[in-house]
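Below is one structure; the comments refer to it alone.
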Amino acid sequence: MTQAQRTMEAKRNGDNVLVDVQHLKMYFPVTQGIVVQRKVADVKAVDDVSFVIRKGETLGLVGESGCGKTTTGRCILQLYKPTAGAVLFDGRDLCKMNAREIRTMRRRMQVIFQDPYSSLNPRMTCGSIVGEPLIVHKLVKSKQEYRERVADLLSTVGLNPYMADRFPHEFSGGQRQRIGVARALATRPDFIMADEPVSALDVSIQAQVINLLEDLQGQFGITYLFIAHDLSVVRHISDRIAVMYLGHIAEIADRVTLYNNPLHPYTKALLSAVPIPDPVVEAQRERIILTGDVPSPLRPPSGCVFHTRCPIMVEQCKDALPPLIEKAPDHWAACIRV
């Protein structure tokens, strides 16, 4: 997506963009040697990714494991320093900020981690975990205010305030993830990256956490980047969905359009794998089985990175990487065959 295309998209949608990712790249160096190390290659985890997230919306980011979803999210939060590109947060480029400026911005950007069993410090109580951001960012002035804020945060995510003195091992998986949500809410952020927040939970608990995130968005006007590989979950919570493959964006559209009229062959293959409860419809629909394995980001294919597995590939697909083009209003796809 070019700068002109991004500008047109922003203007058409009221110019209410909170996060603007421009030509983001994240390469991890591969080195050889023990005493003297030298770089021999790069793992291209994220390679020229551009998209926008509007204020108050949820952008779902989906794709196979290893496609660069989490790396993209961590680059937005500056947990990884991008190799190239820009990340504009409310008009300010995070990539050009120093450590002190980033620390200040972190009040407005938070993260919910994937694994509720490893993302909480087992030696800290629930109340200390939730209240730590309040102390770090100096958001409370007294112990009484601290206790009140912690109790309020626990109540907001559906936990009883008396649980503040318990340790993480005393909670179930769903309750631990609620603690993670409360911790993310402590600074009253504008933006939260949810990195597969329900993938480690049972299906019934997944629904509770998803409904909680939706309620919090309506209550506080939070903007989400929701990373997942479960397309059913993403469809439920997202306003728009971006499909990622091998470090590149393959397609972006609103959820209704993407599920009813997918354009990119990779998106069609992903959607064909989603089970449908109706056995008659399930038996009649087309299934797209991709052949081969996902190429290594260490040596991505030339041209379109999906051409080695694409069922509609032509020779031209091997020559150049297709740009992300608007095929219909607010529906973008990177494929020369659509």
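The HN-Hα couplings worked out from phi for the stretch 250-257 by the Karplus form 6.51 cos²θ - 1.76 cosθ + 1.60 (θ = phi - 60°) are 8, 7, 9, 6, 5, 4, 5, 5 Hz, whole numbers, x standing for Gly and Pro. A simple charge model with +1 on the Cβ of Lys and Arg, -1 on the Cβ of Asp and Glu and nothing else charged puts the dipole of the chain at about 1120 debye relative to its Cα centre. Amide H to amide H under 5 Å from ALA250: which residues, 5+ apart in sequence or cross-chain, H placed 1.01 Å off N in plane? HN-HN under 5 Å from ALA250: VAL243, MET244, TYR245. With neighbours defined as other Cβ atoms within 10 Å of a residue's Cβ, the residues HIS169, HIS236, HIS264, HIS307 order from fewest to most as HIS169, HIS236, HIS307, HIS264.
Evaluating 6.51 cos²θ - 1.76 cosθ + 1.60 at θ = phi - 60° for every residue in the stretch 265-270, the Karplus couplings come out as x, 5, 4, 4, 5, 4 Hz, glycine and proline recorded as x. Taking amide H as placed 1.01 Å from N in the peptide plane, ALA200 has no amide H partner under 5 Å among residues 5 or more places away or on another chain. Of all lysines in the structure, the ones whose alpha carbon falls short of 17 Å from that of LYS327, not counting any fewer than 8 places away in one chain, are LYS268.
Close amide H partners of GLY303, meaning residues 5 or more places away or on another chain with modelled amide H under 5 Å apart, are LEU321.
Using the Cβ-Cβ distance between ASP254 and PHE167 with R0 set to 45 Å, the FRET efficiency from 1/(1 + (r/R0)^6) comes to roughly 0.60. With 10 Å bins beginning at zero, the pair-distance distribution over Cα atoms of the chain amounts to 5, 23, 31, 24, 12, 3, 0 %. The order of ARG123, ARG54, ARG92, going from fewest to most other C-beta atoms within 10 Å of their C-beta, is ARG123, ARG92, ARG54. By DSSP, the beta bridges lying fully in the stretch 176-289 are antiparallel in about 55 percent of cases. Taking other Cβ atoms within 10 Å as a rough exposure proxy, LEU24, LEU154 sort from fewest to most as LEU154, LEU24. Computed extension length for ARG100-ARG38: 19.2 nm, one decimal, from 0.36 nm per residue of separation with the Cα-Cα distance subtracted.
Bear in mind these aren't lab numbers, they're just calculated from the coordinates by the rules spelled out. On a predicted model such as this, the values are computed, not experimentally measured, just so you know. Neighbour counts are summed over all protein chains in view; Cβ atoms, including those assigned to glycine, are modelled from backbone coordinates with ideal geometry.
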